[in-house]
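J.: One structure follows; several queries about it will come next.
Please treat every number below as a calculation from the coordinates, not as lab data. The structure displayed is predicted, hence computed values, not measured ones. Here the Cβ positions follow ideal geometry from the backbone for every residue, glycine too, while neighbour counts run over all protein chains shown.
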Amino acid sequence: MCYDIFDGRLHTTCGHFDPMSSSRRDCYRANCAFSSRHDPRCRSAMCAQKLQPPLQNPIRMSPAKCSTCVQRSYSR
């Protein structure tokens with residue numbers, strides 16, 4: 001099955017990931033509705049209708065907490 005790849009920043013202190021850009025990986029299977037090889041006229045229920053879970057690709061590492069965790073620490 002096809003899946004999305006999210007490039008982003010990994011905050012090593014809290015472990016959260018902030019996506020910055022995304023792309024889709026094509027599985028090239030004719031029975032996957034998201035693949036470029038899938039016939040657009042096909043209406044078969046046997047074809048994969050869901051993507052695999054997305055892949056997080058950290059292209060930047062940050063030792064700081066993410067903005068959500070910083071906000072949570074101030075609201076306490």
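J.: Taking a quarter of the surface of the convex hull around the Cα atoms of region 3-74, what do you get in nm²?
T.: Projected over every direction and averaged, the Cα hull of region 3-74 covers 6.2 nm².
J.: Let me ask you something else. About the Cα centre, and with charges only on the beta carbon of Lys, Arg (+1) and Asp, Glu (-1), how big is the dipole of region 3-74? Nearest 20 debye, please.
T.: Value, rounded to 20: 120 debye.
J.: Another question about this same structure. Near the amide H of Ala48, under 5 Å away, which other amide H atoms are found, from residues 5 or more places off or on another chain, if H is placed in the peptide plane?
T.: Those lying under 5 Å, H to H, from Ala48 are Cys32, Ala33.
J.: Find the centroid of the Cα atoms in region 47-62 and in region 1-19, then give the distance between the two in whole Å.
T.: 8
J.: Please check: in the Gaussian network model of the chain (C-alpha springs, under 10 Å), which one of Pro40, Pro53, Pro19 has the largest mean-square fluctuation.
T.: Pro40
J.: To the nearest 500 deg cm²/dmol, what mean residue ellipticity at 222 nm is calculated for the chain from DSSP H runs of n ≥ 4 alone, each contributing -39,500 (n - 2.57), summed and divided by the residues?
T.: Rounded to the nearest 500, the figure is -3000 deg cm²/dmol.
J.: Another one. Starting at the first residue of region 10-20, write each ³J(HN,Hα) from the Karplus equation 6.51 cos²θ - 1.76 cosθ + 1.60 with θ = phi - 60°, in whole Hz, x for Gly and Pro.
T.: In residue order, the calculated couplings are 9, 8, 6, 5, 9, x, 7, 10, 10, x, 10 Hz.
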